[in-house]
Amino acid sequence: MAEQFDAIVVGAGPSGNAAAYTLAKAGLKVLQIERGEYPGSKNVQGAILYSDALEKIIPDFREDAPLERHIIEQRMWMLDDRSFVGSHFRSEDYNQPPYNRYTIIRAQFDKWFSSKVREAGALLICETTVEQLLQDGDKVVGVRCDRLGGDVFADVVILADGVNSTLARKAGFHPDIQAKDVALAVKEILFMPEEVIQQRFNIGENEGVVIELMGSVTEGMVGTGFLYTNKDSLTIGVGCMLSDFKANPLRTTPYDLLDKLKKHPAIAPLIAGGEMKEYAAHLIPEGGFHAIPKVYGDGWMIVGDSGGFVNAAHREGSNLAMTTGRLAAETVIHAKAAGQAMTARTLSAYKAALDASFVMKDLKKYRNMPDVLHASPQFFTTYPDLVTGAMKKLFTVDGVDKLTKEKEIMGSFKAARKWTGLVGDAFKLWRAVR
Ligand code: FAD
């Protein structure tokens, strides 16, 4: 195939689909290449879909997208081995259309998104792996695939090939990924009748709940767990920093953690009877602001997980993926309209658009979070134990007066962290989220 395209998009996840759709919709000649058998076949996500990012690309997506439940309640639970302390936020405002977030099943959602990309006019080729970028000096001019019978050329190549982008590394656009900059996450989908889910989570038809979990379940490693309600299934998962898995003397595997989470007394009743239909493991970029590589150059741009665009504080990987895909595509569309070549200078408008958007603003705001969390395992061990212990003491009625209990609680905090430790931890938290 010696055809010349306006743009080649590598990957058909949320970032690649956002880029390919936006470009094709604007009338550009787009080739999208996906190594999976179909879009979604290789992808892993919880998954929460954020409406705002998709609305900016396909405003009427709610009409036919495969959405599971809209989220009306967010729970945050801190666990020790036998208890949890939680905060729940539920609002009727989240129960009014247009809904803000939905659970989705990625395999179905990616297929739907991809059908929109093709309707918009892009050419999608699956079961084809891009093996390297073709360069003329510093300029990327196309791609070489394991199929297609040769090289394919384009004015610009958008790398949307996910975390640990082999292509970007081979081309020297970013260094090898560090174990401290990625989390390894595992998840299962457990099927159960809709009515059972609705009763257990106190929700109506189409309403959903998100539970984010931290504490003893990650055995002191930096990480979190999650439980989401789909239409007739639950997604449960846990992820920790890869460097922590490697350093863990207990050699706990991600699956061991998930198994432990499923057996936790607060979780087991929620998932009881669920029939496991899908199990998957995947990396999540967690390096944050300081780990973002250069994301554009002569004839190329990087979007989504490939560029490490995941916000360590809120995750929202697909939100950032779709937004970066759209911004990269808009940069190309404007450049084409102005008759500009796809040089690094022209494509620097992509970085400017990222900087002006919530993507880089949020990444910058939480830039210290990865380092703070790495240096502070106590947030995942000592504090969950202290807080659940304090709650137990406070709510156990045993003839001990409340003032004595309060003193004992303060004493337990001081014994575990000393005043200096407590003040230091408060400062670290402030530094991580300011
Ligand atoms: P991907 O979705 O990884 O897509 C990359 C695509 O490129 C793949 O289809 C792959 O097959 C293809 N590809 C790769 N290399 C090549 C090649 N050489 N040639 C051709 N094709 C190639 N985010 C959220 O917003 N909400 C969540 O609830 C959430 N939960 C998550 C839970 C888990 C367990 C995990 C692992 C991640 C979660 N994320 C979540 C993050 C989210 O999944 C990612 O941020 C998002 O998928 C990134 O999209 P992407 O298009 O950049 O990359």
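Can you pull out every residue in segment 6-45 that is closer than 16 Å to L327 by Cα and open to solvent by 40 Å² or more (accessible area, probe 1.4 Å)?
K25, A26
Please pick out the residue among L23, L79, L31 that is away from the ligand (no atom under 13 Å from the Cβ), under 21 Å from D305 (Cα atoms) and either modelled with pLDDT of 95 or more or not basic (K, R) (or both).
So the residue among L23, L79, L31 that is away from the ligand (no atom under 13 Å from the Cβ), under 21 Å from D305 (Cα atoms) and either modelled with pLDDT of 95 or more or not basic (K, R) (or both) is L23.
Considering segment 46-81 alone, what residues qualify as being polar (S, T, N, Q) and under 30 Å from Q378 (Cβ atoms)?
Q74
Can you name every one of the helices (runs of 4 or more DSSP H) wholly within segment 312-411 that holds 1 or more residues which are more than 24 Å from I292 (Cβ to Cβ)?
Ranges flagged: 317-337, 382-395.
Does segment 328-344 contain any residue that is open to solvent by less than 50 Å² (accessible area, probe 1.4 Å), within 12 Å of the ligand (Cβ to nearest atom), touching a residue at least 24 places away in the same chain (Cβ under 8 Å) and under 25 Å from G142 (Cβ atoms)?
So far as segment 328-344 goes, yes, one or more of its residues are open to solvent by less than 50 Å² (accessible area, probe 1.4 Å), within 12 Å of the ligand (Cβ to nearest atom), touching a residue at least 24 places away in the same chain (Cβ under 8 Å) and under 25 Å from G142 (Cβ atoms).
Results for (1) of a type in the set (G, A, S); (2) more than 20 Å from S87 (Cα to Cα); (3) over 16 Å from the mean Cα position of the chain (by Cα), shown as yes or no for each residue.
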| position | (1), (2), (3) |
| --- | --- |
| D176 | no, yes, yes |
| V182 | no, yes, no |
| I189 | no, yes, yes |
| E194 | no, yes, yes |
| R200 | no, no, yes |
| S216 | yes, no, yes |
| G220 | yes, yes, yes |
| Y228 | no, no, no |
| D244 | no, yes, yes |
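Scan segment 157-184 for residues that are touching a strand residue (DSSP E or B) at 6+ places or on another chain (Cβ under 8 Å) and not aliphatic (A, V, I, L, M) and report the count.
Final tally of qualifying residues: 8.
I'm checking my understanding of the structure. Among residues of segment 93-133 that are in contact (Cβ under 8 Å) with a residue 60 or more places away in the chain and among the acidic types (D, E), which one is surrounded by the fewest Cβ atoms within 10 Å (Cβ to Cβ)?
E127
What residue, among those in segment 283-310 that are crowded, with 24+ Cβ neighbours inside 10 Å and of a type in the set (V, I, T), is nearest to the chain's Cα centre (by Cα)?
Selected residue: V310.
When you check A280 against the structure, is it within 8 Å of the ligand (Cβ to nearest atom) and open to solvent by less than 10 Å² (accessible area, probe 1.4 Å), yes or no?
Values: within 8 Å of the ligand (Cβ to nearest atom): yes; open to solvent by less than 10 Å² (accessible area, probe 1.4 Å): no.
The answer is no for A280.
The values are calculated or read from the model by the stated rules, or taken from the named source; none is laboratory data. These numbers were taken from a predicted model, which means no experiment stands behind them. Glycine gets a Cβ as well: all are built from the backbone with ideal geometry, and neighbour counts include every protein chain shown. With ligands, DNA and RNA removed, areas are computed over all heavy atoms of the protein, side chains included. Shrake-Rupley method; radii C 1.70, N 1.55, O 1.52, S 1.80 Å.
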